[in-house]
Structure formats: structure tokens, C-alpha cells
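Student: Take this structure first; my questions come after.
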Amino acid sequence: MRLLVQCKYLLVILAAISLAACSSSVKRIDTDQEVAISDKWNDIDSKLVSDAMINDMLSFPWYQDFNFSNKGNPTIIIQAIRNKSAEHIPVDTFINDIKRSLLRAGKVDFVVSGEERDDIRNERSEQEMNAAPDTVAKFGLEQGAGFALSGTINSIVDSNGDQRVTFYQVDLKLIDMTSNKEVWNGQKKIKKLATKGSFF
């Protein structure tokens, strides 16, 4: 009987230890603080690449030679930035990092594309039917884009079992919509080394 009671106590203690070991905690941290729990693409990578690309883009001759007095800021449309790596990368976050920085600096203007543009046009049609005449957004007055931005994100992974190196290469290009000239070509590389305990 005593042995049975001792076994029950031991099971209770083991269960308590197991629950304590499985418990987790969460705390808020600064959004600019890097937390590298794996070698996968993260928000810091997105910011590093977008900052490098913006600085490079605005240092090329196309921007210095642009006729600001007659045209205002250059207007850019995002065509496609494709993730060709083996992992899921939220490309929209990266694109928004670029757009936000350029718009905040007042360096370029952006026009929407794809589904977002279609949604705006549908809303304009709705306004024509249902809004007061003096508040209707007019058709045929959209800002045309002078430049198109596109690119790719690629990765290469090399591992020996205990260590893994992940290499990212982001290539972007800017095309003059009138002449089809490639006026800027930017590239940013990131390499990460992970040890076995951080493999996911």
C-alpha cells in the first residue's frame, strides 16, 4: 500500500515537472530588435535589403537626370517581385518597406497595380452610379507610371549536417516605360550561418 502511495506521489511530481517544462512565455520587444531564432528570411533581412536598394536606386544617373521641373517626382508601378527561393518569403512586406521609405522621403510617387487598381476602378464605377455628382472621382485622369519596378528573390542552402549556410540574393530592376531601357539594376546579398540547434 505504501509503495502504491509513493508511486502516486512520484507520478504527480513528474506531471508537475512536465507541465512546467512545457510552459511558455511571451514578451513584447522593440520592433527594430533582431531576434534570429533561425537562418530563415526575417523582418530585419527585409529592412536591410530595402534600405540598400533605395540608396542604390536613387544614386543612379536615371534619378539625377530626371526632369523634375516639368514632371514632378518620378512615378513607379510595381510589376512583380517574385520569390524564387525554396522558403516562404512575404514579398509584400519587402515591397511595402521600399514604398514607405521612398514615399516618406518624397523622392518618388507610386501608382497601384493589379487587383488593387481594379478595385479602385470598380469603386469609381460605383461612385458614378451612386455618389453625388460633385463628389465623383472622374475616369481618365489616372496618373501614368513612367517606370516599372520588378525583380526576384533567390536563395541557396548548403549544409553539412551540423552547420547550414543560407545565401539570399535579391535582384531588382527599374524599366523606363517609354523607352524600355533598364535604367537601374540593384542587387543585395545576405548570408547566414546556423548551427544544428537552430535548424527548423
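The values are calculated or read from the model by the stated rules, or taken from the named source; none is laboratory data. This structure is a prediction, so every number in the text was calculated from the model and none was measured. Note: ideal-geometry Cβ built from the backbone for every residue, glycine included; neighbour counts use all protein chains shown. For the accessible areas, the whole protein counts, side chains as well, though only heavy atoms, and no ligand, DNA or RNA atoms are used. Shrake-Rupley method; radii C 1.70, N 1.55, O 1.52, S 1.80 Å.
Student: Suppose we keep only residues that are farther than 16 Å from ALA148 by Cβ, touching a residue at least 24 places away in the same chain (Cβ under 8 Å) and not in a strand (DSSP E or B) within the range 72-89. Which one would you say is farthest from the chain's Cα centre (by Cα)?
Tutor: Narrowing the range 72-89 to residues farther than 16 Å from ALA148 by Cβ: 72, 83-89.
With touching a residue at least 24 places away in the same chain (Cβ under 8 Å) added as a condition, the list becomes 72, 83-87, 89.
Narrowing further to those that are not in a strand (DSSP E or B): 72, 84-87, 89.
Details: GLY72: 27, LYS84: 14, SER85: 14, ALA86: 16, GLU87: 14, ILE89: 8 Å.
In this case the residue turns out to be GLY72.
Student: Taking ASN70 and the conditions (1) in contact with a Phe, Trp or Tyr (Cβ under 7 Å, 6 or more places away or on another chain); (2) open to solvent by 80 Å² or more (accessible area, probe 1.4 Å), which numbered condition does it fall short on, given that it satisfies the others?
Tutor: ASN70 satisfies every listed condition except (1).
Student: Take the residues in the range 170-185 that are β-branched (Val, Ile, Thr) and in a strand (DSSP E or B), then tell me which one is surrounded by the most Cβ atoms within 10 Å (Cβ to Cβ). Lay out the reasoning, then the answer.
Tutor: Taking the range 170-185 first, the residues β-branched (Val, Ile, Thr) are 170, 175, 178, 183.
In the following step, the residues that additionally are in a strand (DSSP E or B) were identified as 170, 175, 183.
Values: VAL170: 27, ILE175: 19, VAL183: 18.
Among residues in the range 170-185 that are β-branched (Val, Ile, Thr) and in a strand (DSSP E or B), the one surrounded by the most Cβ atoms within 10 Å (Cβ to Cβ) is VAL170.
Residues are listed down the side, and each one gets a yes or a no for (1) part of a loop (DSSP other than H, G, I, E, B); (2) without any contact (Cβ under 8 Å) to a residue 24 or more places away in the chain:
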{"residue": "ASP118", "(1), (2)": "no, yes"}
{"residue": "GLU128", "(1), (2)": "no, yes"}
{"residue": "PHE139", "(1), (2)": "yes, yes"}
{"residue": "ALA145", "(1), (2)": "yes, no"}
{"residue": "GLY151", "(1), (2)": "no, no"}
{"residue": "VAL157", "(1), (2)": "no, no"}
{"residue": "TYR168", "(1), (2)": "no, no"}
{"residue": "GLN187", "(1), (2)": "no, yes"}
{"residue": "LEU193", "(1), (2)": "no, no"}
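Student: So which of ASP65, ASP32 is farther than 19 Å from LYS188 by Cα, modelled with pLDDT of 85 or more and open to solvent by 60 Å² or more (accessible area, probe 1.4 Å)?
Tutor: Details: ASP32 fails: modelled with pLDDT of 85 or more.
Sole residue among the options that is farther than 19 Å from LYS188 by Cα, modelled with pLDDT of 85 or more and open to solvent by 60 Å² or more (accessible area, probe 1.4 Å): ASP65.
Student: For the range 82-93, indicate whether the set of residues that are under 17 Å from ASP176 (Cβ atoms) and either open to solvent by less than 40 Å² (accessible area, probe 1.4 Å) or touching an Asp or Glu at 6+ places or on another chain (Cβ under 6 Å) (or both) is non-empty. Break it down stepwise before answering.
Tutor: If we filter the range 82-93 for residues that are under 17 Å from ASP176 (Cβ atoms), which is where we start, we get none.
No, because not a single residue in the range 82-93 is under 17 Å from ASP176 (Cβ atoms) and either open to solvent by less than 40 Å² (accessible area, probe 1.4 Å) or touching an Asp or Glu at 6+ places or on another chain (Cβ under 6 Å) (or both).
Each row is one residue, and each column tells you yes or no for (1) open to solvent by 70 Å² or more (accessible area, probe 1.4 Å); (2) touching a helix residue (DSSP H, G or I) at 6+ places or on another chain (Cβ under 9 Å).
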residue: VAL111; (1), (2): no, yes
residue: GLN127; (1), (2): no, yes
residue: PRO133; (1), (2): yes, no
residue: SER150; (1), (2): no, no
residue: VAL157; (1), (2): yes, no
residue: GLN163; (1), (2): yes, yes
residue: THR166; (1), (2): no, no
